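In what follows, a single structure is set out as structure tokens and then discussed.
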Amino acid sequence: MGTASVAEQEFSVLLNEQAAEGIWRAKIATPVAASIASGQFMNLRVPGDGSHILRIPLSFKHADAKANTIELLYAVVGEGTKRLSQMRVGGVSTLVGPCGRGWWLPKTEGRALLVAGGVGLPPIFAAAQQLADAGIGFDVVVGNHTAERHLVKEIDELRSMTAGEVCDCERRVVVCTDDGTLGLNGFTTDGMKELIETRAYAQVYTCGPNVMMAGVAKMAMEHGVACQVSLERMMGCGFGACSCCNVALAKGGYALCCQDGPVFDAQEVAW
Ligand SMILES: Cc1cc2nc3c(=O)[nH]c(=O)nc-3n(C[C@H](O)[C@H](O)[C@H](O)COP(=O)(O)OP(=O)(O)OC[C@H]3O[C@@H](n4cnc5c(N)ncnc54)[C@H](O)[C@@H]3O)c2cc1C
Ligand code: FES
């Protein structure tokens, strides 16, 4: 977990290419790489159309503190992400970060179960790296609508990360598609069901569409497993100044996704 002070920093584009249908993979050089923690995010300004002034909040897949580089995966959904996808190698802009509170390690001993839906994969990938670095075993469920949306390179990387683990049980990376074009024909919750019913976990980590995370959190709670969720909200400032990213809490009241999250204990959230 980390809430380091937020600052505006420059970034330059080292790589920006299409990785799957509607999904881009980018690598940027930025000093934020030295301080950003797994599960935190950055708020990027994309040069171009002055009518689009909001920054784009993005999680990251991997940060290399020595090389000062960060790897991103993002879906092109609107004007901002379209212009981001058009930035060329060598293009420069600014970002604000590191923002928010990231993942924390399990509070009890045991394996972790990671569940990613769609472009929820980058922070889940960062969590996998954090767990691997801490010597904690994990299984992963990765879901998408269809095979063309799957990030094959990242799935292979997750497979080799889990394969290196010292553990007395087989490691699993379960791939699911809603239309059955790759892996299990079903939702991530279908992929998760068999794992959580047959294996012991200390912690579930999830990021994806809200409806998916609600289902994952419910299943984790039913099995008595602690669950962290990385939530998405529309954002303005990204650091607690504009109050536009409210998350309703189970105990009543609201938290700010950008500052108190994006990672929350699933039990804190009013689903
Ligand atoms: C903490 C955080 C981390 C994120 N990390 C990633 C990531 O790693 N990869 C990735 O692909 N996306 C990520 N997102 C979502 C990403 O920020 C939005 O897709 C992006 O801001 C859309 O900008 P746009 O100008 O292209 O789209 P717009 O033209 O602003 O909107 C296009 C569509 O996207 C929706 N949208 C816009 N902003 C958000 C948002 N903040 N959350 C959910 N839906 C939104 C709009 O409702 C609309 O339907 C993250 C969001 C948050 C809050
Ligand atoms: S985005 Fe401004 S307070 Fe959260």
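Summary table
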| item | result |
| --- | --- |
| Count - residues of segment 79-103 that are among the hydrophobic types (A, V, I, L, M, F, W, C) and outside any loop (DSSP other than H, G, I, E, B) | 5 |
| Enumeration of residues in segment 34-54 that are in a loop (DSSP other than H, G, I, E, B) and at pLDDT 90 or above | 35, 36, 37, 38, 39, 40, 45, 46 |
| Residues (surrounded by fewer than 23 Cβ atoms within 10 Å (Cβ to Cβ) and under 13 Å from residue 58 (Cβ atoms)) located in segment 31-46 | 45, 46 |
| Options 116, 127: the member that is open to solvent by less than 10 Å² (accessible area, probe 1.4 Å), touching a Gly at 6+ places or on another chain (Cβ under 7 Å) and within 12 Å of ligand 1 (Cβ to nearest atom) | 116 |
| Segment 61-83: number of residues that are open to solvent by 10 Å² or more (accessible area, probe 1.4 Å) and farther than 25 Å from residue 243 by Cβ | 13 |
| Boolean, residue 151 is in the same structural domain as residue 53 (by TED's automatic domain parsing), within 17 Å of residue 59 (Cα to Cα) and hydrophobic (A, V, I, L, M, F, W, C) | no |
| Given (1) over 22 Å from residue 153 (Cβ atoms); (2) in contact (Cβ under 8 Å) with a residue 12 or more places away in the chain, index of the condition residue 53 fails | (2) |
| Matching residues in segment 217-239 - criterion: being of a type in the set (Gly, Ala, Ser), at pLDDT below 95 and on the phi < 0 side of the Ramachandran plot | 236 |
| Pairs with Cβ under 9 Å, 6+ apart, first in segment 127-139 and under 15 Å from residue 110 (Cβ atoms), second polar (S, T, N, Q) and open to solvent by 40 Å² or more (accessible area, probe 1.4 Å) | 136/130 |
| Residue in segment 222-235 that is within 16 Å of ligand 2 (Cβ to nearest atom), more than 27 Å from residue 138 (Cα to Cα) and touching a residue at least 60 places away in the same chain (Cβ under 8 Å) present | yes |
| Positions within segment 244-271 being open to solvent by 40 Å² or more (accessible area, probe 1.4 Å), touching a strand residue (DSSP E or B) at 6+ places or on another chain (Cβ under 7 Å) and of a type outside the set (Asp, Glu), in sequence order | 246, 250, 254, 270 |
| Odd one out for residue 92 among (1) open to solvent by less than 60 Å² (accessible area, probe 1.4 Å); (2) touching a Pro at 6+ places or on another chain (Cβ under 9 Å); (3) on the phi < 0 side of the Ramachandran plot | (1) |
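The values are calculated or read from the model by the stated rules, or taken from the named source; none is laboratory data. This one's a predicted model, so the numbers in the text were calculated from it and none came from an experiment. No Cβ is skipped: glycine too gets one built from the backbone with ideal geometry, and neighbour counts run over all protein chains shown. The accessibility values were calculated without ligands, DNA or RNA, using every heavy atom of the protein model including side chains. Shrake-Rupley method; radii C 1.70, N 1.55, O 1.52, S 1.80 Å.
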